[in-house]
Amino acid sequence: MSEEHEHQHRPYSPRLAFILTNPLRRRLDPPHRLIDQILITNEDTVVDFGCGPGYYTIEIARRAKRTIGVDVSKEMLEKARRAATKTGVTIDFLESNGETIELPSNSVDLILLVHVYHELPDKEKALVEFRRILKSGGRVVIQERTRKSRLGQILPGPPVVDVDKIVNQARNVGFDQTKIEPYRGGDQASLVILRKT
């Protein structure tokens, strides 16, 4: 995957939020599948970074002690807020591009980014901020598309991302425990798991 192609991908428009929450997606890749894999407990404070309209955020809120949806788009945050109200879950919302997140240091157990890392304007600044707000032992879980389809064509959606780049950027800012595992959803994605020691 060339860096040039990765940078050509534009952030998701709030006008297309219905694609992120449509019934077909819920059938093919229900939000609980990812949340089951990353093992959220009822003692966890979880940030869904790049939460969009709340597709994963609502499922997180059903399991975590505290859930915080963060997005760069006010429109997406409003859509997520309405979805949370409709489903009766409690979620706090913050607007941020990742470089400054208005949360205390050492206050978060898990930060989840689903097909968002490639859109961060300054990845290392965001990783520094993620590390600041994480508790010791806390995790950042980054899901990105890391393989082309079996047909060798890139399907519509997020770009293919080089996980080694993510790991190197994370190590540059002090994440010395990293792990890569396949995402069980079968959408050519991997999870990059960074742990704060």
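Derivation of every value follows stated rules applied to the coordinates shown; laboratory data play no part. Just so we're clear, the structure is a prediction, and the values are computed from it rather than from any experiment. Please note: Cβ atoms are built from the backbone with ideal geometry, for glycine as well, and neighbour counts cover all protein chains shown.
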For the ranges 65-75, 120-130, 88-98, what's the packing order if you count other beta-carbon atoms within 10 Å of each residue, average per peptide, and put the highest first? 65-75, 120-130, 88-98
State the Cα centre-to-centre distance between region 97-127 and region 36-63 in whole Å. 15
What would the Debye formula give as log10 I(q)/I(0) at q = 0.10, 0.22 Å⁻¹ for the alpha-carbon point model of region 57-197, no solvent? -0.35, -1.45
When Lys and Arg each count +1 and Asp and Glu each count -1, what net charge do the other residues less than 15 Å away from Lys135, Cβ to Cβ, add up to? +3
Under 5 Å from the placed amide H of Arg62, counting only residues 5+ away or on other chains, we find none
Per residue, the convex hull volume that the Cα atoms of region 21-96 enclose (Å³): 78
Relative contact order, percent, of region 55-121 when contacts are C-alpha pairs under 8 Å separated by at least 6 residues? 31
Label Asp162 and Ile180 with points 7 Å out from Cα along Cα→Cβ: what is the distance between them in nm? 1.1
